[in-house]
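The values are calculated or read from the model by the stated rules, or taken from the named source; none is laboratory data. Note that the coordinates shown come from a computational prediction; the quantities given were computed from them, not determined experimentally. When we count neighbours, we look across all protein chains shown, and the Cβ atoms used for this are built from the backbone with ideal geometry, even at glycine.
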Amino acid sequence: MNLYNFLYFFVLPILSLSVMLVFVRFIKGPSIVDRVIALDLLITIGIAIIAVYSIITNQSTFLDIAMILALIAFLGTVAFSYYLEKREKNG
Amino acid sequence: MAEWSIIILSAFGAVFILLAAIGIVRMPDFYLRLSATTKAATLGIGLILVSSAVYFQELSVTSRVFAIICFLILTAPVAAHMIGRASYFIGTELWKKSVIDELEGKYEKDTHILRSKDHKDPSKVIADDKIPDEE
């Protein structure tokens, strides 16, 4: 089995299926915190897709973008939780 | 040899990420969803990044992958704790079959400070006030 065929026909479809599943929760999530963790998980799966894609295209430069996405995911979740807690305190 | 290790690592990583995605859809409660996704997704991402490090076999790529994995392992529990705490203050409901809520009544409503006293019952607080407040 070829490595590139395996990545194309097994790993990438599984990752895109999980993106779709998480997106279902992102759309219908009953409260806002569900949407926040769904967004966090979407970005995290994005990092995995970037890593697989860097193997397929043989370009290691893509991993820089993965690092920046990890930063953005963490900052987004922390900012959301900070302001949600603050809104609860004031209101 | 390297090819097979890449295949095994990326397959396990993809399966763990799929488990996290199924968990976030199927779990009945926000807190269960949080606990299912954070751990599984972190493990899956780590495995896939390690597989890309095995593929390139360069020092620059390996150190970059190591930095990303360290960052994820450090920040994922912090982010999960913060969003779980915020959702508890907002009043996200637990699953109706949850057995116990150990934090119930232990947060002060206004200041969000955690105390071991029961703040729902004022008489109990007065009774406990003989113990000096720890600041």
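Assorted remarks:
- Condition met for B:Ser60 (crowded, with 19+ Cβ neighbours inside 10 Å and either at pLDDT 90 or above or within 27 Å of A:Arg35 (Cβ to Cβ) (or both)): no
- Checklist (1) surrounded by fewer than 23 Cβ atoms within 10 Å (Cβ to Cβ); (2) facing chain A (nearest Cβ under 7 Å) applied to B:Ile17, failing item: (1)
- Matching residues, region A:14-70, being crowded, with 16+ Cβ neighbours inside 10 Å and not in a helix (DSSP H, G or I): A:Gly29, A:Ser60
- Selected residue (only one of B:Ile68, B:Ile45, B:Ile8, B:Ile24 is more than 22 Å from A:Thr77 (Cα to Cα), in a helix (DSSP H, G or I) and at pLDDT 90 or above): B:Ile8
- Note on region B:68-85: among residues that are facing chain A (nearest Cβ under 7 Å) and either among the β-branched types (Val, Ile, Thr) or in contact with a strand residue (DSSP E or B) (Cβ under 8 Å, 6 or more places away or on another chain) (or both), the one that is farthest from B:Thr111 (Cα to Cα) is B:Ile68.
- Filtering region B:29-42 to residues that are of a type in the set (Phe, Trp, Tyr) and either more than 7 Å from chain A (Cβ to nearest Cβ) or not in a helix (DSSP H, G or I) (or both) leaves only B:Tyr31.
- When the residues of region B:54-67 are filtered to those that are more than 9 Å from every other protein chain (Cβ to nearest Cβ) and over 25 Å from the mean Cα position of the chain (by Cα), the one that is farthest from A:Leu12 (Cα to Cα) is B:Leu59.
- Reported count of residues in region A:8-39, each being in contact (Cβ under 8 Å) with a residue 24 or more places away in the chain, closer than 24 Å to B:Asp29 by Cα and at the interface with chain B (Cβ under 7 Å from one of its Cβ atoms), is 5.
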